[in-house]
Amino acid sequence: MAGESARESARRMREKAARLERAAALHERGADGESETAEALSRLPRESWTVLHDVRWPGRRYANIDHIVVGPAGVFVIDSKKWSGDVSVRGGVLRQGRHVREDAVDGSRRAAGDVARLLLDLPSEFVHPVLSFSGRSQIEARIGEVLMCSTGNLVTMLLTRPHLMGARQSEAVVGQLRRALRPAGRPVRPRGSSGAPALALMRGLLAMGLGLGVLVVLTHLLPALIASSMSGHPAR
């Protein structure tokens, strides 16, 4: 039928656009949840608590960790969630409506474990995985070592936990984390790659034994060669 292939192409494009729109909506919802959690964390006493927002997940190229909080009660690796529908914990199982969300619990546990491996001098039990939910649901629960709360009771949960670290230890932990973790917005280059082609070229020349002297000569000679090629006269 005439025009059938064009109609099929249009249908596929509309389906792709719909998928992208749904993905964008999910990302926007997630960003809103992170902002609400960050606002709640801003109420922690600054003299004894430090908050790092939106850092790279250690060992992963693209994933991020929403918040890491360091204070007297230890290190809290917080994953912000803003889910639609009813969120509850029943029988040791996290549910979003009728759906079991064990994936979120496992992800929170893995993120805290990877952060704990950066802190070799700190007992792993000082690092706590946390799921913080914003929105209508009010949660205060625990599944294994994963703590669960809402943005409304997050700060209270942090402030009322037993103290594990003194000020000096907290400062040392914050220093380690700042050195080890990059902001999530900064791209991570593959190991062994270089971000500057010119630098890669220089390294290659040096590795071939040409030495710095050759590079200096080339620096002076190349502009003359380029100029002569454009003018048609030999370089002197």
Working carefully through the options Asp54, Asp32, find the one that is assigned by TED's automatic domain parsing to the domain that holds Ser150 and modelled with pLDDT under 90.
Asp32
Given (1) over 25 Å from Pro45 (Cβ atoms); (2) surrounded by fewer than 22 Cβ atoms within 10 Å (Cβ to Cβ), index of the condition Thr156 fails:
(1)
Is there a residue being in contact with a Ser or Thr (Cβ under 6 Å, 6 or more places away or on another chain), farther than 14 Å from Val69 by Cα and modelled with pLDDT of 95 or more anywhere in the range 159-169?
no
Here the residues within the range 130-145 that are touching a helix residue (DSSP H, G or I) at 6+ places or on another chain (Cβ under 9 Å) and either surrounded by 21 or more Cβ atoms within 10 Å (Cβ to Cβ) or part of a loop (DSSP other than H, G, I, E, B) (or both) are Val130, Leu131, Ser132, Phe133, Ser134, Gly135, Gly144, Glu145
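Considering only the range 129-154, state which residues are within 22 Å of the chain's Cα centre (by Cα), more than 24 Å from Leu118 (Cα to Cα) and in contact (Cβ under 8 Å) with a residue 24 or more places away in the chain.
Phe133, Ser134, Thr151, Leu154
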Condition check for Asp79: touching a strand residue (DSSP E or B) at 6+ places or on another chain (Cβ under 8 Å) and touching a residue at least 40 places away in the same chain (Cβ under 8 Å):
yes
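The values are calculated or read from the model by the stated rules, or taken from the named source; none is laboratory data. For clarity, every value in this text was computed on a predicted model and none was experimentally measured. All Cβ positions, glycine included, derive from the backbone under ideal geometry; neighbour counts span all protein chains shown.
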